[in-house]
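Here's the structure we're looking at; comments come further down.
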Amino acid sequence: MIVTTNLTKTYGSAVVVNDVSLKLPRGGVTSIIGSNGAGKSTLLALASRLLPATSGSVTIDGLDVTTTPGDMLARRLSILRQDNHIAARLTIRDLVAFGRYPHSKGRMTADDEKMVSDAIRYLGLEALSDRFLDEISGGQRQRAFVAMVLAQDTDYVLLDEPLNNLDMKHAVSMMKLIRRIADELSKTFVLVLHDINFASIYSDHIVAMREGTVVRQGTPREIVRSDVLNQIFGIDIAIHEIDGHRIGLYYV
Amino acid sequence: MLPLALGIAVVLILAITSLFVGVSDVSLGSLLASGWNDGPMQVLLVSRVPRTLALILAGTAMAVSGTLMQMLARNRFAEPSTVGTVEAAKLGFLAVLVVAPGASVPVKLVVASGFALASTAIFLRILRQLPIHATLIVPLIGILLGGVINAIATFIAYRFDLMQSLASWSTGDFSMILEGRYELLWIGLALTVLAYVMADRFTVAGMGRDFTVNLGLDYRAVVSLGLIIVSIVTAVIVVTVGMIPFLGLVVPNLVSLTLGDNVRRTVPWVALVGAGLVLACDIAGRIVNYPYEIPIGTMLGVVGSGLFLYLLLRKNARLA
């Protein structure tokens with residue numbers, strides 16, 4: 001379980017995350033939704049010790065993220081931020097293999113190699129695995145980053161906008177993959193998503209943020225409703241039930 | 001493995017050539033015709049062997065330092081002479097000469113490495129304020145910083161009549177290398193080996209702070225280790241043979257072109273190409289204007305800038 005207690009992050013006088021106390025249960029897919037600047041990405045960065053909190057605390061299965069040794073946390077929790085820029089020329093296989101670093105410390109066993117190959121295959125990158133990161137498209141790069149995080153094989157996987165740069169086909173297969181891994185390997189995913197319909201269809205739990213605070217949380221059925229979405233995003237979104245899925249129509 | 005063996009063979013051939021090129025007549029014939037204590041054997045042992053070892057050690061260490069600096073700064077143009085490390089090391093040696101002229105060699109080295117470390121840490125701190133995409137700004141800031149430090153060093157050297165020392169540190173030259181005057185460079189080799197042992201950490205650091213933390217490494221610790229290695233190597237090279245321009249810039253970039261930036265894979269090649277290039281330039285410097293010598297700083301300035309232009313102007317250049 002990920003528990004945040006009175007978590008706050010400020011930059012000068014700007015409060016980005018404001019007194020967030022949240023319990024995210026183990027297992028399943030949790031999506032964090034909200035407008036730009038609502039504090040979603042910052043919350044994820046705080047939870048994964050990439051940013052120090054101004055006040056408050058985060059624990060992962062009872063371990064405080066600021067005091068637990070980094071390599072121990074790296075075997076329980078992985079994080080992929082949005083807008084990753086790697087200047088180093090690494091092949092996809094090299095990159096994904098570094099996902100095993102917390103386990104292998106650079107000495108790859110046969111098991112490690114297998115996990116790397118599996119992760120590359122899950123994301124459909126076999127044919128590209130020897131290409132350098134600067135020779136592939138943005139969407140392929142995004143899939144390579146996700147493959148790296150999956151190779152890390154942690155109980156908790158935090159992904160900030162995993163659908164960044166992906167076309168429709170790859171966005172859907174990414175969400176299906178996340179769902180499948182969560183179900184079959186009982187891992188816990190926490191995603192920041194912009195498309196409420198992906199959140200609606202693929203999540204077990206939705207957390208809605210606005211101006212640095214959590215305004216609502218619940219099942220997709222509880223959150224994906226016109227009145228609730230209006231409170232979160234400040235626009236009118238008509239909700240239609242199609243094939244048992246609640247779909248918001250926000251284009252018009 | 002085979003290409004690497006070929007590379008080693010080429011460096012060995014260059015090293016053997018280096019033993020037999022020079023004004024004094026040293027050849028297999030003259031060695032066999034004379035005794036152990038005669039001229040040719042003494043020239044070989046006191047001058048040629050140390051010079052050749054110095055070339056290999058300095059070339060290897062300087063090129064690998066370039067690789068490390070590029071990973072730490074996450075920029076292809078970073079190397080000790082473009083980020084102010086060389087200038088700071090010179091200022092450090094100068095400071096010792098002025099304040100404590102009688103200081104022992106280890107003390108001088110520690111002070112100069114300390115200056116180099118402080119300056120490079122300041123440089124990385126400035127970098128953190130810049131967007132990662134500002135590729136070309138990075139070396140500009142580094143050269144600027146180096147220029148400022150160099151100005152201070154020149155002023156002090158001028159005041160204390162130490163311009164000659166400053167000049168000897170600024171221009172790489174192996175012609176003065178004799179037995180007993182190059183052994184510090186073995187420290188460089190030890191640090192190069194350390195860099196190889198720690199290679200994965202430096203590759204991870206090259207992915208940036210977020211990836212490093214995610215993979216459970218202490219980013220500050222990795223960067224500090226890298227900076228310490230680069231600073232000591234730079235100080236050692238500056239004081240024994242003088243600055244070797246372009247090496248740390250051109251060699252890692254050439255290797256990266258074909259092998260990428262996985263430090264574990266590139267370090268052996270960077271070391272080999274670094275040693276080979278320095279050997280070749282030094283041998284050429286001895287031959288071109290025979291019986292006089294052209295210092296390696298000048299030779300590499302010409303060859304290195306040519307290679308650098310190639311890297312910049314080739315098709316699909318991705319440096320910037």
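Please treat every number below as a calculation from the coordinates, not as lab data. Since this is a predicted model, take the numbers as computed values, not measurements. Note: ideal-geometry Cβ built from the backbone for every residue, glycine included; neighbour counts use all protein chains shown.
Averaging sequence separations of C-alpha pairs under 8 Å and six or more residues apart, then dividing by the length of region B:2-313, give the relative contact order as a whole percent.
Worked out over region B:2-313, it gives 30 percent.
Please tell me the relative contact order of chain A in percent, rounded to the nearest whole number, where contacts are Cα pairs under 8 Å and at least six residues apart.
Result for chain A is 24 percent.
Based on Cα positions only, what radius of gyration and what Dmax would you give for region B:217-320, in angstroms?
Final numbers for Rg and Dmax: 15.8, 54 Å.
Compute a Gaussian network model of chain A, connecting alpha carbons closer than 10 Å, and tell me which residue from A:161, A:222, A:211 fluctuates the most.
A:222
Determine the relative contact order of region A:107-178: mean sequence separation of Cα pairs under 8 Å and six or more apart, normalised by residue count, in whole percent.
With pairs under 8 Å counted, the relative contact order is 32 percent.
Sort largest first and round to whole Å: the equivalent ellipsoid semi-axes of the protein assembly as shown, each the square root of five times a Cα gyration tensor eigenvalue.
Largest first, the protein assembly as shown gives 55, 25, 19 Å.
Pop the C-beta distance of residue A:55 and residue B:23 into the FRET formula with R0 = 56 Å and round what comes out to the nearest 0.05.
0.15
Using a simple spin-label model with points 7 Å from Cα along the Cα→Cβ vector, what separation in nm is obtained for residue A:64 and residue A:14?
Here the answer is 2.9 nm between the modelled labels.
Using the 10 angstrom Cβ neighbour count as an exposure proxy, how do A:67, A:30, A:10 rank, fewest first?
Fewest to most other Cβ atoms nearby, the residues stand as A:67, A:10, A:30.
If you restrict to DSSP beta bridges whose two residues both lie in the protein assembly as shown, what percentage is antiparallel, to the nearest 5?
Antiparallel bridges make up about 55 percent of those DSSP assigns within the protein assembly as shown.
Suppose every Lys and Arg Cβ carries +1 and every Asp and Glu Cβ carries -1, with no other charges. What dipole size does the protein assembly as shown come out with about its Cα centre, to the nearest 20 debye?
That gives a dipole near 240 debye.
Compute the FRET efficiency between residue B:33 and residue A:130 as 1/(1 + (r/R0)^6), taking r as their Cβ-Cβ distance and R0 = 60 Å, and round to the nearest 0.05.
The value I calculate is 0.60.
Using Cα atoms only, what is the angle between the long axis of helix B:85-99 and the major principal axis of chain B, expressed in degrees (0 to 90) to the nearest 10?
The two axes meet at around 70 degrees.
Per residue of region A:213-227, in order, report the coupling 6.51 cos²θ - 1.76 cosθ + 1.60 (Karplus, θ = phi - 60°) as ³J(HN,Hα) in whole Hz, putting x for Gly and Pro.
Result, rounded to whole Hz: 10, 7, 8, 8, 8, x, 6, x, 4, 7, 9, 7, 9, 3, 5.
Residue by residue through region A:161-170, what is 3J(HN,Hα) from phi via Karplus (6.51 cos²θ - 1.76 cosθ + 1.60, θ = phi - 60°)? Round to whole Hz and write x for glycine and proline.
6, x, 8, 3, 6, 8, 6, 4, 4, 6
Report, as an integer, the average count of C-beta atoms from other chains found within 10 Å of each Cβ along B:204-213.
Per residue, the average neighbour count from other chains is 6.
Roughly how crowded by other chains is peptide A:83-95, in terms of the mean Cβ count from those chains within 10 Å of each of its Cβ atoms?
Counting Cβ atoms of other protein chains within 10 Å of each residue's Cβ and averaging gives 6.
Between A:72, A:175, A:209, where does the largest GNM mean-square fluctuation fall for chain A, given springs only between Cα atoms within less than 10 Å?
A:72
Peptide B:214-224: average number of partner chain Cβ atoms within 10 Å per residue?
5
Pick out which of A:235, A:178, A:201 has the largest mean-square fluctuation in a Gaussian network model of chain A, springs linking Cα atoms closer than 10 Å.
The residue with the greatest mean-square fluctuation here is A:235.
So who's got an amide H within less than 5 Å of the one on residue A:34, skipping anything under 5 residues away but keeping other chains? H placed 1.01 Å off N, in plane.
Residues meeting the amide H criterion: A:209.
When the helix-only estimate is applied to the protein assembly as shown (DSSP H runs of n ≥ 4, each -39,500 (n - 2.57), divided by the residue count), what is the mean residue ellipticity at 222 nm, nearest 500 deg cm²/dmol?
After summing the helix terms and dividing by the residues of the protein assembly as shown, the value is -17500 deg cm²/dmol.
How far is it, in nm, from the label point at residue A:6 to the one at residue B:171 when both lie 7 Å from their Cα along the line to the Cβ?
6.8
Whole-Hz Karplus ³J(HN,Hα) for region B:167-181, in order, using 6.51 cos²θ - 1.76 cosθ + 1.60 and θ = phi - 60°, x for Gly and Pro?
5, 5, 6, 8, 10, x, 7, 9, 6, 8, 6, 9, 3, x, 10
Taking chain B as the reference, fit the longest principal axis to its C-alpha atoms, fit the long axis of helix B:49-73 to the helix C-alpha atoms, and give the angle between the two in degrees, 0 to 90, nearest 10.
Once rounded, one gets 10 degrees.
So, R0 is 56 Å and r is the distance between the beta-carbons of residue B:118 and residue A:195; what FRET efficiency does that work out to, to 0.05?
0.70
Direction-averaged shadow area of the convex hull around the Cα atoms of region A:194-243, nm²?
3.4
Return one quarter of the surface area of the convex hull spanned by the alpha-carbon atoms of region B:83-189, equal to its mean projected area, in nm².
Its Cα hull, projected and averaged over all orientations, spans 8.0 nm².
Which of A:188, A:132, B:185 sits closest to the plus end of the dipole of the protein assembly as shown, meaning its Cα is farthest towards the positive end, when Lys and Arg get +1 and Asp and Glu get -1 on the C-beta?
A:188
When a footprinting reagent is the concern and you count Cβ atoms within 10 Å, what order do B:181, B:286 take, fewest first?
Starting with the residue having the fewest Cβ neighbours, the order is B:181, B:286.
As a footprinting exposure proxy, order B:6, B:14 by other Cβ within 10 Å, with the fewest listed first.
Going from least to most buried by this count: B:6, B:14.
Using only the alpha-carbon atoms, how far is helix A:138-151 inclined from the longest principal axis of chain A? Give it as 0 to 90 degrees, nearest 10.
Helix A:138-151 sits at roughly 80 degrees to that axis.
With N set to the residue count of region A:123-252, report its C-alpha Rg divided by 2.2 N^0.38 Å to two decimal places.
Taking the Cα Rg and dividing by 2.2 N^0.38 Å, one obtains 1.16.
Computed over the Cα atoms of chain B, what is the ratio Rg over Rh, Rh following Kirkwood?
0.98
Looking at chain A, what % of the alpha carbon pairs are farther apart than 27 Å?
Result: 37 percent of Cα pairs exceed 27 Å.
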